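Beneath this line is the structure, given in structure tokens, with notes to follow.
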Amino acid sequence: MEYILIIIGTVLVSNIVLANFLGICPFLGVSGKISTAAGMGGAVLFVMTIATIVTWLIQNYILNPFDLGFLQTISFILVIAALVQVVEIILKKVSPPLYQALGVFLPLITTNCAILGVALLVIQRDYNLISGTVYAVGNSLGFLLALVLFAGIREHLELMDVPKGMRGMPIALVVAGILALAFSGFANLVAF
Amino acid sequence: MNQWQNFSKGFFKENAVFVMLLGMCPTLAVTSSAINGLGMGLATTFVLVMSNLSISLIKDLVPGKVRIPTFIVVIASFVTVVDLVMAGYAPALHEQLGIFIPLIVVNCVVLGRAEAFASKNTVYSSVIDGAGMGLGFAMALTLLGAVRELLGNLSLFGFKFIDADGILVFILAPGAFIALGFMIALVNRITKKA
């Protein structure tokens, strides 16, 4: 039950993009088409889950026992950068179709603040390994949902007659705001 | 390009937020008040100046293939410094900005300037570039924070003008997107791009 609440909380109530402002760059950058948005979401799901598990292990079995908490930022970002490379190499070898689908998005993920953000939040919230993993999966599903919804709206926006000054990024941001407003309707669904 | 142009481009012509649309996560997340925006902007400025300084000093020693990881380590070190200093001397602000302090590491503005400017230019102009870009970023965040605080809470830098409720949505998450959207449209209008 606890895990279901975490999933609902991260996907709907406290959506990573629309309520916590993590991963805005890919949210605005690769949301032109639904298919690329889904690809990016899948890649984030993959990397975020693995990254959260690895950084949790590092925090609890290396940084905490040796009292190296101040190295958290440096070690996490290096691990995530290396991890993305490793995932890319393994995926290329093991599952070429999956690599075909996610490949182009993987290098972009290193600078996606959602990955580092979730890794840090899991430590901050004192989750154990399983809850932390569920939290990461929930957040990446929330990211996927927000991204696909936003891409769907933007595809329609292409055909609309937008006032001249608002074309491009301004109208996209306003649309994201309205989407965030819709999501704030879930605010009291579960205590999170 | 003289040094004054090098400094001032960060404010208008190449403003990180309004023109280049970089560093969106902290821009949207911490600007619920002007003072938070200013604090975040100045923290980023410090990291930008110091990382530009260090990277332009070591640029000839770093092999091309490992330059991005090297830059990230340099940036992460300064971010850790900012994190610890803020926790020590400005605990309230540190609490407010929370996770977005360590996330300066993945702010594209910082890595972008390291890669695009500091790794190719002299120490002096890299520092000037870092200061200009950083202060331009701080200016944008403070402006956005001021607009949101004014509309959402009818106050500015914590000073309340009228004892009434503002439009609450501008303090909350949706207001960040909407306010930034309209501000970018305004900047586009002023610079005659639209």
**Asked** Looking at region A:65-85, which residues lose a minimum of 30 Å² of accessible area between their chain alone and all protein chains in place, measuring with a 1.4 Å probe and not counting ligands or nucleic acids?
**Response** A:Phe70, A:Thr73, A:Ile74, A:Ile77, A:Leu78
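Assign one of three labels to the protein assembly as shown, namely rounded, prolate or oblate, based on the Cα gyration tensor with a ≥ b ≥ c the square roots of its eigenvalues; rounded applies when a/c is under 1.5, prolate when it is not and a/b is larger than b/c, and oblate otherwise. Can you show the working numbers first?
Values: a/c = 1.28, a/b = 1.04, b/c = 1.22.
Note, shape of the protein assembly as shown comes out rounded.
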**Request:** Taking all protein chains together and a probe of 1.4 Å, list B:Asp163, B:Asp129, B:Asp83, A:Asp67 from the most accessible to the least accessible.
**Result:** B:Asp163, A:Asp67, B:Asp83, B:Asp129
**Asked** Which whole-number value in Å² is the accessible area per residue of chain B, probe 1.4 Å?
**Response** 44
**Message:** Taking every pair of distinct Cα atoms and averaging 1/r, then inverting, what Kirkwood hydrodynamic radius in Å comes out for chain B?
**Reply:** 17.2
**Request:** Relative to the longest principal axis of the C-alpha atoms of chain B, give the angle of the C-alpha long axis of helix B:67-89, reported between 0 and 90° and rounded to the nearest 10°.
**Result:** 50
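I need the shape label for region A:97-174. Rule: rounded when a/c is under 1.5, else prolate if a/b > b/c, else oblate, with a, b, c from the alpha carbon gyration tensor.
Numbers: a/c = 2.66, a/b = 1.90, b/c = 1.40.
Cα axes put region A:97-174 in the prolate bin.
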**Prompt:** Against the longest alpha carbon principal axis of chain B, how many degrees, from 0 to 90 and to the nearest 10, is the axis of helix B:34-58 turned?
**Reply:** 0
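Sum -39500 (n - 2.57) across every DSSP H segment of at least 4 residues in chain A, then divide by the residue count to get the 222 nm mean residue ellipticity, nearest 500. Display every interim value, and only then the final one.
Values: 9 runs with 128 residues, N = 192.
My calculation for chain A gives -21500 deg cm²/dmol from helical runs alone.
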**Asked** Along the charge dipole of chain A, which of A:Leu22, A:Gly152, A:Ile74 sits closest to the positive end, that is, farthest toward it, with unit charges on the beta carbon of Lys, Arg, Asp and Glu (+1, +1, -1, -1)?
**Response** A:Gly152
**Asked** Given R₀ = 51 Å, FRET efficiency for B:Tyr124-A:Leu68 by Cβ-Cβ distance, to 0.05?
**Response** 0.90
**17 Å reach of a label modelled at A:Lys92, 7 Å along Cα-to-Cβ, counting backbone N of region B:48-89** = B:65-66
**Message:** If you fit an axis through the alpha-carbon atoms of helix A:34-58 and take the longest principal axis of the Cα set of chain A, what angle between them do you get, 0 to 90°, nearest 10?
**Reply:** 20
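What net charge do the residues around B:Trp4 carry, taking every other residue with its C-beta under 13 Å from that of B:Trp4, with Lys and Arg at +1 and Asp and Glu at -1? Write out the running numbers ahead of the final one.
Numbers: positive: B:Lys9, B:Lys13; negative: B:Asp129.
Net local charge, B:Trp4 excluded: +1.
For chain A, what is the accessible area per residue in Å², given a 1.4 Å probe and the full set of protein chains? Present the calculation step by step, with values, prior to reporting the outcome.
Values: 8730 Å² over 192 residues.
With the other protein chains kept in place, chain A gives 45 Å² per residue.
Using a 1.4 Å probe on the protein heavy atoms, what percent of the accessible area of region B:25-193 belongs to carbon and sulfur?
Numbers: 5190 of 7210 Å².
C and S fraction of accessible area: 72 percent.
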**Request:** Run the numbers on region A:17-57: which residues show a drop of 40 Å² or more in accessible area, chain on its own versus all protein chains together, using a 1.4 Å probe over heavy atoms?
**Result:** A:Phe21, A:Ile24, A:Cys25
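Grab the other residues whose beta carbon is less than 13 angstrom from that of B:Asn52, score K and R as +1, D and E as -1, and report the net.
Values: positive: B:Lys59, B:Arg113, B:Lys120; negative: B:Glu115, B:Asp129.
Charge balance near B:Asn52 sits at +1.
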**Item:** Interface burial for B against A (accessible surface, 1.4 Å probe, total of both chains, Å², rounded to 100)
**Value:** 2800
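The values are calculated or read from the model by the stated rules, or taken from the named source; none is laboratory data. Being a predicted model, the structure only gives us computed values, none of them experimental. All Cβ positions, even for glycine, are placed from backbone atoms using ideal geometry, and neighbour counts span all protein chains on display. Side chains included, ligands, DNA and RNA excluded: accessible areas come from the protein's heavy atoms. Shrake-Rupley method; radii C 1.70, N 1.55, O 1.52, S 1.80 Å.
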